[in-house]
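Since the structure comes first, as structure tokens, the remarks are kept for the end.
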Amino acid sequence: MTGPAAPAGGGGAPLRWWRRATSRIPWLRRVPVFLVVGATSSAAYVLLYLALRAGLDPQPANAVALVSSTLYGTAVHRRFTFDVRGRERILAHQGLGLVVLGAGLAITSGSLWLLARLEPDAGRVTELLVLGAANGLAGAVRFGSFLAVMRPEEVRLPARPRAGVGGGF
């Protein structure tokens with residue numbers, strides 16, 4: 001026996017919850033896209049790190065893989081996660097991407113440094129687990145930073161009118 005049919009376009013309980021939540025917290029709609037883009041960027045990072053690690057020490061391999069995957073991720077987040085099109089503000093967004101790259105590099109390099117001090121003979125799997133956790137933290141920093149800056153014009157709050165301008169009070 002099945003329950004009553006959901007109203008047309010209403011979806012099940014999880015879908016109704018999601019719609020209510022995202023109507024109250026609009027930026028929440030961006031999280032699933034951010035996670036998918038982030039997952040593809042992370043996969044590219046891991047594959048590149050492993051390939052580079054065959055000939056490089058952990059720190060240089062991390063830096064090259066992080067820079068490459070960040071350049072890709074910033075461009076894709078700009079277009080798909082935050083729906084920003086065109087060249088307007090592209091330099092500001094790329095500049096922010098570089099700042100966030102610096103934060104991510106500090107977080108991941110710091111995690112590798114700490115791992116080397118605590119477990120000098122750590123294997124590749126341990127390195128990747130530590131880097132995965134560090135990249136999760138860097139991702140949260142990235143999302144917050146991009147959310148604050150990468151917004152299509154129609155979502156921006158209007159500027160507050162100044163006294164004496166526009167028929168003010």
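The values are calculated or read from the model by the stated rules, or taken from the named source; none is laboratory data. Computed from a predicted structure; not experimentally measured. Glycine gets a Cβ as well: all are built from the backbone with ideal geometry, and neighbour counts include every protein chain shown.
Screening the candidates LEU28, LEU48 for the property of being surrounded by 15 or more Cβ atoms within 10 Å (Cβ to Cβ) and either farther than 19 Å from ILE107 by Cα or touching a helix residue (DSSP H, G or I) at 6+ places or on another chain (Cβ under 7 Å) (or both) yields one hit, LEU48.
Being in contact with a Gly (Cβ under 7 Å, 6 or more places away or on another chain) and at pLDDT 90 or above narrows it down to one residue among VAL100, VAL37; which is it?
Values: VAL100 fails: in contact with a Gly (Cβ under 7 Å, 6 or more places away or on another chain).
From the options VAL100, VAL37, the qualifying one is VAL37.
In the set (1) at pLDDT below 85; (2) on the phi < 0 side of the Ramachandran plot, ARG89 fails one condition alone, (2).
Considering every residue within segment 154-161, establish whether at least one is closer than 19 Å to THR74 by Cα and either modelled with pLDDT of 95 or more or exposed (fewer than 11 other Cβ atoms within 10 Å of the Cβ) (or both). If you could, list the steps in order and put the result at the bottom.
At the first step, the residues of segment 154-161 found to be closer than 19 Å to THR74 by Cα are none.
There is no residue in segment 154-161 that is closer than 19 Å to THR74 by Cα and either modelled with pLDDT of 95 or more or exposed (fewer than 11 other Cβ atoms within 10 Å of the Cβ) (or both).
Check segment 114-125 and report whether any residue there is loosely packed, with under 14 Cβ neighbours inside 10 Å, assigned to a helix (DSSP H, G or I) and β-branched (Val, Ile, Thr).
yes
Scan segment 66-96 for residues that are more than 16 Å from the chain's Cα centre (by Cα) and assigned to a helix (DSSP H, G or I) and report the count. Total satisfying the criteria: 3.
Scanning segment 5-24 finds no residues that are over 19 Å from ALA140 (Cα atoms) and at pLDDT 80 or above. Hey, among the residues in segment 52-74 that are of a type in the set (Gly, Ala, Ser) and crowded, with 16+ Cβ neighbours inside 10 Å, which one's nearest to SER145 (Cα to Cα)? The selected residue is GLY73.
With respect to ARG85, determine if the residue is within 19 Å of VAL37 (Cα to Cα) and exposed (fewer than 12 other Cβ atoms within 10 Å of the Cβ). So ARG85 fits the description; yes. If you take the residues in segment 90-112 that are among the small types (Gly, Ala, Ser) and surrounded by fewer than 19 Cβ atoms within 10 Å (Cβ to Cβ), which one is farthest from SER42 (Cα to Cα)? Per the criteria, the residue is ALA92.
Residues that are β-branched (Val, Ile, Thr) and either in contact with a helix residue (DSSP H, G or I) (Cβ under 7 Å, 6 or more places away or on another chain) or assigned to a helix (DSSP H, G or I) (or both) within segment 8-25 comprise just one, THR22.
Of the residues making up segment 51-93, those that are among the aliphatic types (A, V, I, L, M), within 20 Å of SER109 (Cβ to Cβ) and free of Cβ contacts under 8 Å to residues at least 12 places away in the same chain number 3. Remark: pairs (first residue in segment 36-47, more than 15 Å from PHE143 (Cα to Cα); second residue modelled with pLDDT of 90 or more; Cβ separation under 6 Å; 6+ apart in sequence or on different chains) = TYR45/ALA65.
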